[in-house]
Amino acid sequence: MPPPFTLVRLREGGDAFAHACRIAPESGAGTLVYVGRFDLAEFAVVLEPAEPLRSARRAFYAGMVALTDALRAYAPPSKPITIGWPDAVRIDGGLVGGGRLGWLSGADEDAPPPWLVFGAMIRTVAMNDDDPGVHPLASALDQEGFGEAGAAQITESFARHLMLALDGWRVDGFDSVARDYLTRMPRERQKVQRIDDCGDLLTRRIGTERIERSDLVRALAAPSWLDPALGGPRL
């Protein structure tokens, strides 16, 4: 791991996100929890933002930018990697995983949170025996030509790209993160989108004044990509 991070490794079957949320109060910023699995890149990192919780949740977007950049580093040329707002990651249209965000329940919206946890899962290997066409909306890195890129490589790449994303936020403001994130979403014709100070997605159709608001907190309550029964990305 890069120097700012402290690695905590769990055995296969551990839950990186839940464990990071449990130890966050004592372990502090930069703790990166990693599960040693063959079929999934599963990790979570503890953050300690200095701004109020209502705006600090925008760190989720920095995590998603870092996650997709980590995948781009190992992707075949011209392989499209997109984000379905707010949390799903698709490669060439196939769902491979996504990100999630945790914070202390009941924390004051107007005060800096004691911690945030950004967690992610990416399916590296398709473990089912079904024909590829049985789950046409799902995919895995091995099916998309990512070669030898596995959980360890993706996790390390994420850590490095997260530092870059957070440094860009510090130097250029959140707008730099928002621009990067929005370019990874599928383009919608005749629509303009932006992310507001609370992390909500605002969508306006060109030629009208009506703005549609998508609430980030509500969307993060249940990750769209996660199948609780499988314990991993949906098929």
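The values are calculated or read from the model by the stated rules, or taken from the named source; none is laboratory data. Just so we're clear, the structure is a prediction, and the values are computed from it rather than from any experiment. Quick reminder, even Gly has a Cβ in these numbers, built from the backbone with ideal geometry, and neighbours come from all protein chains shown. Each accessible area value is taken on the protein alone, full model and side chains, heavy atoms only, with ligands, DNA and RNA left out. Shrake-Rupley method; radii C 1.70, N 1.55, O 1.52, S 1.80 Å.
Quick rundown of the values:
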read-out: Overall form of the stretch 32-132 per C-alpha gyration tensor (a/c, 1.5; a/b vs b/c); value: prolate
read-out: Computed FRET value (nearest 0.05) for residue 109 with residue 163, which takes r as the C-beta separation and R₀ as 30 Å; value: 0.65
read-out: GNM top mover of 36, 199, 147 - the chain, alpha-carbon springs below 10 Å; value: 147
read-out: Over 17 Å [Cα-Cα, the stretch 139-206], rounded percent; value: 61
read-out: Alpha carbon Rg of the chain, scaled by the compact-globule rule 2.2 N^0.38 Å; value: 0.99
read-out: Helical contribution to [θ] at 222 nm, DSSP H n ≥ 4, -39,500 (n - 2.57), averaged over the chain, rounded to 500; value: -8500 deg cm²/dmol
read-out: DSSP H segments from the chain that extend 24 Å or more along their own axis, Cα-based, with Kyte-Doolittle mean of 1.0 or above; value: none
read-out: Phi-based couplings in Hz for the stretch 191-198 (Karplus 6.51, -1.76, 1.60; Gly and Pro marked x); value: 10, 10, 10, 8, 10, 8, 5, 9
read-out: Once exposed loop trypsin sites (Lys or Arg not before Pro) are cut out (DSSP; at most 16 other Cβ, 10 Å), longest piece of the chain; value: 12-186
read-out: Within the stretch 34-63, backbone nitrogen closer than 18 Å to the virtual label 7 Å beyond the Cα of residue 148 toward Cβ; value: 38-39
read-out: Selected from 56, 219, 24 as most flexible by GNM, with the chain as the system and alpha-carbon contacts under 10 Å; value: 219
read-out: Exposure rule at most 12 other beta-carbon atoms within 10 Å, DSSP loop GluC sites (Glu not before Pro): the chain longest free segment; value: 13-147
read-out: Distance (nanometres) between label positions extended 7 Å along Cα→Cβ at residue 188 and residue 92; value: 2.7
read-out: Residue-normalised accessible area of the chain, expressed per residue, 1.4 Å probe, Å²; value: 50
